[in-house]
Structure formats: structure tokens, C-alpha cells
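Participant: Dumping the structure here so I can ask a few things about it.
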Amino acid sequence: MKDGLRSGEDRSVLADERAAMGDSLPWELIWLADDEGNSVSVNVLGRSPRWTAALDAEIVVKTPFVSGRIDLALYVARLESWADALDRLDAGEDVAWMEMSSGPSIFIQLTGERDCPEVVVEDESGSMVTVRVPLVPPDDWIVDHRQRLRQVMDHCVSMLSG
């Protein structure tokens, strides 16, 4: 995973989008955290300056041991596949999100190697780094994440058509 700051040009584009939306970016599509200091988030940063039909996003991993971030392009199809993943998680299934695409993948295992839920972030096509983060999300996390997804779909996806 790589650290880095956005260029001044990217920041001005994001500021314009914030003002146009009337709400502040970033939007947290995913926020899984526990009281041990472990978290995995996917933050939507705005419209991608590189891809006309994508949102700029980042995956951020924070633990007491390791922290990092990686850029991510979110297309409508990826957001729709996240909705499907939430349905499968609600049915008690483990999921792999973005597994067969270029870029990073996120795996959520409801019972991981340490007998608790784990989020695995894998960047096989780039840095070849995999990070496994054990954490216990709150009971209502799937409902919360459906609301997060709806918020991103309602407010951010319109940027792709404009």
C-alpha cells in the first residue's frame, strides 16, 4: 500500500465537487472498525480525473501494527457488486469484492483465522501485499453499510453522468 498526498489540482476539483453537492467529501462507503484500533475503510473522494465513468476512492487500513492506503476506481458496477456482497454477508456468507478485476480486492470472512470476522485487503496486481485485519463490527453493520451505499449512489454517482 502506498501513502501519498493528492496534487493541488486534484484538491481543487474535490473542493468544487463538495461545494456543488452541498455535502462534504469524502463519503465513507465502508467503515469497519473495532475498539482495538483496527479499521478498514473505503472512502469516496470524488469524480475521477483519470476515468470519465469512475469515482476516485481509496482503501485505508489502520491497525496498531500496520497502516496504509491504496487508490481505487469505483464504477457503478463495483457499487452494485458491493450491494450484492452485503446481501450475501447478511445471509451468512463470506464475500470477495472486486476479486476478479484489476486493482485491489477486499475479502470479508465472517469467521476468520482467529475465530472472529476478518477483512482481507489484497493488492495482488500492484504491490503484491495482503493485509488481514481481524475485527468485530457492531451488530447493525450491514444495515449501516446499506445506508452508506445508498448515500454514495444517491449523491456521488450523479457526478459520473454530469
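Participant: Return yes when Ser41 is free of Cβ contacts under 8 Å to residues at least 60 places away in the same chain, over 23 Å from Ile142 (Cα atoms) and open to solvent by less than 20 Å² (accessible area, probe 1.4 Å) and no when it is not. Break it down stepwise before answering.
Facilitator: Details: free of Cβ contacts under 8 Å to residues at least 60 places away in the same chain: yes; over 23 Å from Ile142 (Cα atoms): no; open to solvent by less than 20 Å² (accessible area, probe 1.4 Å): yes.
It is false that Ser41 is free of Cβ contacts under 8 Å to residues at least 60 places away in the same chain, over 23 Å from Ile142 (Cα atoms) and open to solvent by less than 20 Å² (accessible area, probe 1.4 Å).
Participant: Just to verify a result, which residue in the range 138-160, among those that are modelled with pLDDT under 95 and touching an Asp or Glu at 6+ places or on another chain (Cβ under 7 Å), is surrounded by the most Cβ atoms within 10 Å (Cβ to Cβ)?
Facilitator: Selected residue: Met159.
Participant: Residue under question is Arg50, and the condition is that it be touching a Leu at 6+ places or on another chain (Cβ under 7 Å), surrounded by fewer than 19 Cβ atoms within 10 Å (Cβ to Cβ) and either modelled with pLDDT under 90 or closer than 19 Å to Met98 by Cα (or both); does it hold?
Facilitator: Numbers: touching a Leu at 6+ places or on another chain (Cβ under 7 Å): no; surrounded by fewer than 19 Cβ atoms within 10 Å (Cβ to Cβ): yes; either modelled with pLDDT under 90 or closer than 19 Å to Met98 by Cα (or both): yes.
When the stated conditions are applied, Arg50 does not pass them.
Participant: Restricting to the range 58-98, count the residues that are open to solvent by less than 20 Å² (accessible area, probe 1.4 Å) and either in a loop (DSSP other than H, G, I, E, B) or under 20 Å from Ile142 (Cβ atoms) (or both).
Facilitator: The total comes to 10.
Participant: Which ones in the range 1-38 are under 30 Å from Pro117 (Cβ atoms), open to solvent by less than 60 Å² (accessible area, probe 1.4 Å) and at pLDDT below 50?
Facilitator: Listed by number, the list holds a single entry, Gly4.
The values are calculated or read from the model by the stated rules, or taken from the named source; none is laboratory data. Predicted, not measured: the structure shown is a model, and the values here were computed from it. All Cβ positions, glycine included, derive from the backbone under ideal geometry; neighbour counts span all protein chains shown. When the accessible area is computed, the model is the full protein with side chains, heavy atoms only, and any ligands, DNA or RNA have been set aside. Shrake-Rupley method; radii C 1.70, N 1.55, O 1.52, S 1.80 Å.
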